[in-house]
Amino acid sequence: MATAPRHRPGSFTKNFAWGGRGFKNLYDAIRSGYRSNLASVDREAWRRDSGINDSSLDLIPINFFLHNSRGRLSVDELVFQAIRRPHTIDFDRLALFAFHLNNVGQPPLRGPSRPALWANEFVRNVLWRNGAWQTAALDQASIDRFIAAKMIGGDQVRTKARNNYRYFFELAGYLPTRTPTVNAGASSWIASALFLAWDRYLLDGGRNTESALLAHVRSEELHKLLGVTDANAISNARILVKGYLSAGSVRRFSLITALFPVATPAATPSRHVPSPSPTATSSEAEWLDQDGSDETVERSVVSRLAQKRNRKIASQLRLHYKHACMFCGVRLQVGEGRFYSEAAHVKPLGKPHDGPDKTDNLLVLCPNHHLQFDRGVLRLKVEGSKLRIVSIVPSDPLHNKLIAPSHALDTSCVNWHFDWFDDKR
């Protein structure tokens with residue numbers, strides 16, 4: 001009987017000097033090491049310029065987060081997000097995804113060929129179950145059991161590796177949580193994650209075709225690294241791959257540099273406020289809008305991947321409210337005597353949440369507040385027969401507003417939604 005492979009944690013146990021700053025350290029090191037340019041850089045030059053004043057700690061981002069090729073550090077979506085985007089929680093989550101994905105590309109003569117493979121196996125074989133990450137899998141005892149079976153090293157090495165690894169999930173806002181499954185929040189960073197996975201696949205010699213890119217999503221089980229169902233990941237990928245290819249795939253960065261030669265990221269917003277994505281398109285010119293962000297395809301994914309629902313139930317409820325948003329009261333007029341509203345599920349349908357497709361699990365909202373509700377920017381707290389709107393933006397005029405729905409709502413679904421988005425972001 002073959003012995004299960006075991007892995008060396010390498011310099012991961014040194015813990016990349018987070019110092020309470022989280023993945024912001026990685027973000028700053030990328031910007032400094034690449035000198036804010038979307039061009040590959042020599043490994044030693046990166047180490048010199050990264051701002052990490054430790055000859056061993058500066059290997060942490062190189063070996064665990066960045067892509068290496070023939071002694072140079074490549075440009076990919078993670079680098080792009082650091083150089084051309086302000087730091088947000090979505091960067092932190094993309095960094096964790098990169099850690100799980102990392103295979104270093106072509107490593108130097110000395111060094112591991114896939115130093116985080118143990119973590120990749122943990123996510124695929126332990127953390128992900130039935131369409132989502134399971135909170136219990138992140139308990140210290142659970143990780144300890146896995147590390148004991150998979151990692152080479154003494155007790156002190158294993159304990160430090162476990163503590164550092166759990167800390168990554170805290171930095172990304174996934175721990176602590178009060179729900180049995182972890183809200184990966186993938187809807188706001190799945191586009192960046194798939195672009196990153198495809199970038200590295202092509203940098204390692206993969207085929208630049210739609211079929212090959214989609215096959216890569218399946219073969220690497222990226223849905224598990226994203227914390228979503230297989231169907232969710234594939235549906236997103238089928239839409240996003242067209243925008244990825246039309247933008248030039250991994251060659252898009254030279255085009256971005258030509259069109260936007262100066263990196264001018266906006267002031268860093270509060271890490272607790274997700275940014276709504278602009279309207280999407282698959283054309284290359286419009287994809288490069290917003291300074292080359294992949295966010296321009298993300299909104300179409302949100303709209304095109306809306307949960308299947310009983311349209312008759314949703315339509316009747318919208319008519320019941322005369323298309324007025326239950327949160328703000330606005331009726332969006334789209335023509336002579338025509339109005340538009342959206343039916344939002346409180347608890348999503350399908351795996352892993354299995355919310356009921358009934359009116360007591362539906363709200364009628366305007367498009368803006370539907371998106372904010374789905375992202376957890378707005379939540380509802382049950383107060384007797386009324387509901388109080390809670391916003392993560394204290395200055396939001398809807399924050400603390402009481403509403404009185406004129407249809408019955410399932411309070412268990414309302415409470416689920418509140419708890420699901422109650423984690424730190």
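The values are calculated or read from the model by the stated rules, or taken from the named source; none is laboratory data. Since we're looking at a predicted model, the values are computed, not measured. Note that each Cβ is placed from the backbone with ideal geometry, even for glycine, and that neighbours are counted across all protein chains shown. What goes into the accessible areas is simple: the full protein's heavy atoms, side chains included, and nothing from ligands, DNA or RNA. Shrake-Rupley method; radii C 1.70, N 1.55, O 1.52, S 1.80 Å.
Residues in the range 230-240 carry Karplus couplings, in order, of 4, 4, 4, 5, 5, 4, 4, 4, 5, 7, 5 Hz; the curve used is 6.51 cos²θ - 1.76 cosθ + 1.60 with θ = phi - 60°, and Gly or Pro positions show x.
The label point for ARG129 and the one for LYS351, both projected 7 Å from the Cα toward the Cβ, are 1.4 nm apart. Placing +1 on the Cβ of every Lys and Arg and -1 on the Cβ of every Asp and Glu, with nothing else charged, gives the range 327-425 a dipole about its Cα centre of roughly 200 debye.
Couplings 3J(HN,Hα) for the range 90-100, derived from phi with the Karplus relation 6.51 cos²θ - 1.76 cosθ + 1.60 (θ = phi - 60°), are 5, 5, 4, 6, 5, 5, 5, 4, 5, 4, 5 Hz, where x marks Gly and Pro. Skipping prolines and chain starts, which residues have an amide H placed within reach, meaning under 5 Å, of the one on PHE339, given they are 5 or more residues away or on another chain? Answer set, sorted by chain and number: VAL334. With all protein chains in place and a 1.4 Å probe, the accessible surface of the range 107-210 carries 51 percent carbon and sulfur. Counting only heavy atoms of the protein chains and using a 1.4 Å probe, ARG238 has close to 130 Å² of accessible surface. Within the shell of other residues whose beta carbon sits under 12 angstrom from the beta carbon of ASN120, the net charge comes to +1, with Lys and Arg scored +1 and Asp and Glu -1. The chymotrypsin sites (Phe, Trp or Tyr not before Pro) of the range 322-420 include none that meets both conditions, a loop assignment by DSSP and at most 13 other Cβ atoms within 10 Å of the site Cβ. Is there a pair in LYS358/LYS401; LYS150/LYS347; LYS24/LYS381; LYS351/LYS381; LYS351/LYS401; LYS150/LYS242 whose C-alpha atoms are over 30 Å apart, and which pairs would that be? Pairs exceeding the cut-off: LYS150/LYS347; LYS24/LYS381; LYS351/LYS401; LYS150/LYS242.
Heavy-atom accessible area with a 1.4 Å probe sorts VAL393, VAL241, largest first, into VAL393, VAL241.
Surface calculation, 1.4 Å probe, protein heavy atoms: ASP354 sits at approximately 90 Å² accessible. ASP357 sits with roughly 50 Å² accessible to a 1.4 Å probe, with DNA, RNA and ligands left out of the calculation.
Distance between the pseudo-spin-label points of ASN368 and ARG338 (7 Å out from Cα toward the beta carbon): 2.2 nm.
Whole-Hz Karplus values for the range 320-331 come out as 4, 8, 6, 6, 8, 4, 5, 8, 10, x, 6, 10 Hz, taken residue by residue from phi with 6.51 cos²θ - 1.76 cosθ + 1.60 and θ = phi - 60°; glycine and proline positions read x.
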